[in-house]
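S.K.: I have a structure here, written as structure tokens, and I will follow up with some questions on it.
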Amino acid sequence: MTNGGKPEGAETYAGDLTVQETWELLENNPDAVLIDVRTTAEWAYVGMPDLSLLSKAVHPVSWVLFPDMSKNASFIDEISAIQPKKSAPMVFLCRSGVRSIAAAEAATRAGYEKSYNVLEGFEGGPDAEGHRGKLGGWKVAGLKWKQG
């Protein structure tokens, strides 16, 4: 696990994982779940991770709601329905690893001991031309994903 450049002990969640570390955690821990916190529009038009090789599903739970981008007031209730075990790993993914930090922090405050953020998210950061999908993230790492 990487620390995302945070000072030791400064994390308010379990930590940051690379996409490869995420895959390995999901593969090796039967209780680990991946929660995609992006919006319905992103899931539909950009794509989603595909965990079928692991016989697992991605759990879509928006951190903010499309189109007004208001905070999802039922976020904790929704993730609790997916993973009732507070000691099981929950890995949060967004576009680039920002909303997923907020989601991991909220899950930690709700008592989830192993809430992780996926560094670089699904699409990674923008390149020099402002385009995503070329500089890191789930898609660039070559992990399985689907669209539509």
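Each value in this text was obtained by applying a stated rule to the coordinates, not by laboratory testing. Note that the structure is predicted; figures quoted are calculated from it, not measured. Counting neighbours? That spans all protein chains shown, and the Cβs are built from the backbone with ideal geometry, glycine included.
S.K.: Taking H as built 1.01 Å from N, whose amide H comes closer than 5 Å to the amide H of Trp138, not counting residues under 5 places away?
M.R.: Under 5 Å from the amide H of Trp138: Phe122, Glu123, Gly124.
S.K.: Give the dimensionless ratio obtained when the Cα radius of gyration of segment 34-146 is divided by 2.2 N^0.38 Å. The partial results should precede the final answer.
M.R.: Working: Rg = 13.7 Å, N = 113, 2.2 N^0.38 = 13.3 Å.
So segment 34-146 has a normalised radius of gyration of 1.03.
S.K.: Same structure, new question: Return, ordered by residue number, the residues of segment 95-139 whose backbone nitrogen is under 12 Å from a label point located 7 Å along Cα→Cβ of Lys86.
M.R.: Answer for this model: 108-114.
S.K.: While we're here: Taking amide H atoms as placed 1.01 Å from N in the peptide plane, list the residues 5 or more away in sequence, or in a different chain, whose amide H sits under 5 Å from that of Val64.
M.R.: The answer is Asn72.
S.K.: Pull out a ≥ b ≥ c, the square roots of the eigenvalues of the alpha-carbon gyration tensor of segment 47-100, then state rounded if a/c is under 1.5, prolate if not and a/b is larger than b/c, and oblate in the remaining case.
M.R.: Numbers: a/c = 1.99, a/b = 1.25, b/c = 1.59.
Oblate, because a/c is 1.5 or more while a/b does not exceed b/c.
S.K.: Here is a further query. In whole Å, how far is the Cα centre of segment 117-131 from that of segment 29-108?
M.R.: Measuring centre to centre over Cα atoms gives 17 Å.
S.K.: Using 0.36 nm per residue, how much length does the chain from Val98 to Gln147 gain when fully extended, once their Cα-Cα distance is taken away?
M.R.: Length gained between Val98 and Gln147: 15.5 nm.
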